[in-house]
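Okay, structure first, notes after.
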């Protein structure tokens with residue numbers, strides 16, 4: 001066999017081997033984390049009036065997000081310990097048929113309840129931290145309670161909870177309320193009459209927190225306090241001192257103030273008089 005013939009036989013074999021070695025490896029999509037490849041339990045949509053628990057949820061936060069008292073939610077679901085809820089658990093978040101929400105401020109007096117009703121438009125006190133005042137026709141019950149004028153079509157009359165500069169405004173994605181600056185120990189006042197449905201530090205990110213429910217629609221939340229001056233189920237009036245400003249679970253002294261309508265955060269500046 002001559003050299004030329006041997007070369008013709010060996011060259012194709014060598015090229016074939018090279019093409020095999022240089023062929024691309026199979027492409028593997030590693031953009032998804034390994035945990036995403038593990039079968040996860042399916043979350044069925046919760047029926048109306050219910051909520052399905054997800055990882056990281058607490059009963060306190062679930063209640064806040066739906067405008068309820070956590071004790072009511074615990075009672076409706078026969079929970080002996082509010083801290084014991086499970087992922088994928090179905091929770092009732094509205095009262096059972098025929099049952100009133102007994103922790104929502106049902107014992108508020110008529111005079112106190114008048115504060116949360118829409119009043120005729122008129123001039124308002126422009127000094128943060130002071131009750132609003134009517135300049136229209138007087139109402140005997142609202143006058144007795146120190147009621148005031150809400151923003152136009154607001155549905156609730158609010159007073160500023162504390163005096164101070166606005167450090168951060170409302171943003172649905174990043175900040176579910178407004179942050180108001182001030183000095184440590186500054187008095188925090190109830191923005192309207194209602195009943196305290198939460199007073200504690202069980203909600204991560206809020207520090208020492210007070211939540212006041214004003215009626216079936218509105219509640220207000222006061223976070224990062226240094227001290228709490230009220231207890232759960234206590235009835236408060238507009239302008240009453242409920243806490244002291246602080247920096248609990250925050251990077252500076254401030255009040256984080258939220259207004260919740262049907263459990264959903266709304267811009268407090270739409271409900272407060274202009275400073």
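Can you say whether residue 192 is in the same structural domain as residue 170 (by TED's automatic domain parsing) and surrounded by fewer than 19 Cβ atoms within 10 Å (Cβ to Cβ), as far as the supplied structure shows? Steps first, please.
Working: in the same structural domain as residue 170 (by TED's automatic domain parsing): yes; surrounded by fewer than 19 Cβ atoms within 10 Å (Cβ to Cβ): no.
Considered against the rule, which asks whether it is in the same structural domain as residue 170 (by TED's automatic domain parsing) and surrounded by fewer than 19 Cβ atoms within 10 Å (Cβ to Cβ), residue 192 comes out as no.
I'd like to verify a number: residues in the stretch 73-92 that are in a loop (DSSP other than H, G, I, E, B) and closer than 18 Å to residue 203 by Cα, how many?
Taking the stretch 73-92 as the starting set, the residues that turn out to be in a loop (DSSP other than H, G, I, E, B) are 77-89.
This time we only want the ones that are closer than 18 Å to residue 203 by Cα, so: 81-87.
The qualifying residues number 7.
Does the stretch 225-245 include one or more residues that are under 14 Å from residue 176 (Cα atoms), touching a strand residue (DSSP E or B) at 6+ places or on another chain (Cβ under 7 Å) and in the same structural domain as residue 194 (by TED's automatic domain parsing)? Show your work before the answer.
If we filter the stretch 225-245 for residues that are under 14 Å from residue 176 (Cα atoms), which is where we start, we get none.
No: the stretch 225-245 contains no residue that is under 14 Å from residue 176 (Cα atoms), touching a strand residue (DSSP E or B) at 6+ places or on another chain (Cβ under 7 Å) and in the same structural domain as residue 194 (by TED's automatic domain parsing).
What are the residue pairs meeting all of these: first residue in the stretch 47-58, first residue under 16 Å from residue 72 (Cα atoms), second residue assigned to a strand (DSSP E or B), Cβ atoms under 7 Å, and 6 or more apart or on different chains?
Filtered contacts from the stretch 47-58: 49/92; 50/90; 50/91; 50/92; 51/91.
Residue-by-condition table, conditions (1) more than 17 Å from the chain's Cα centre (by Cα); (2) in a strand (DSSP E or B); (3) under 27 Å from residue 82 (Cβ atoms):
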| site | (1), (2), (3) |
| --- | --- |
| 164 | yes, no, no |
| 167 | yes, yes, no |
| 211 | no, yes, yes |
| 275 | yes, no, no |
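The values are calculated or read from the model by the stated rules, or taken from the named source; none is laboratory data. Note that this is a predicted model, so its numbers are computed, not measured. All Cβ positions, glycine included, derive from the backbone under ideal geometry; neighbour counts span all protein chains shown.
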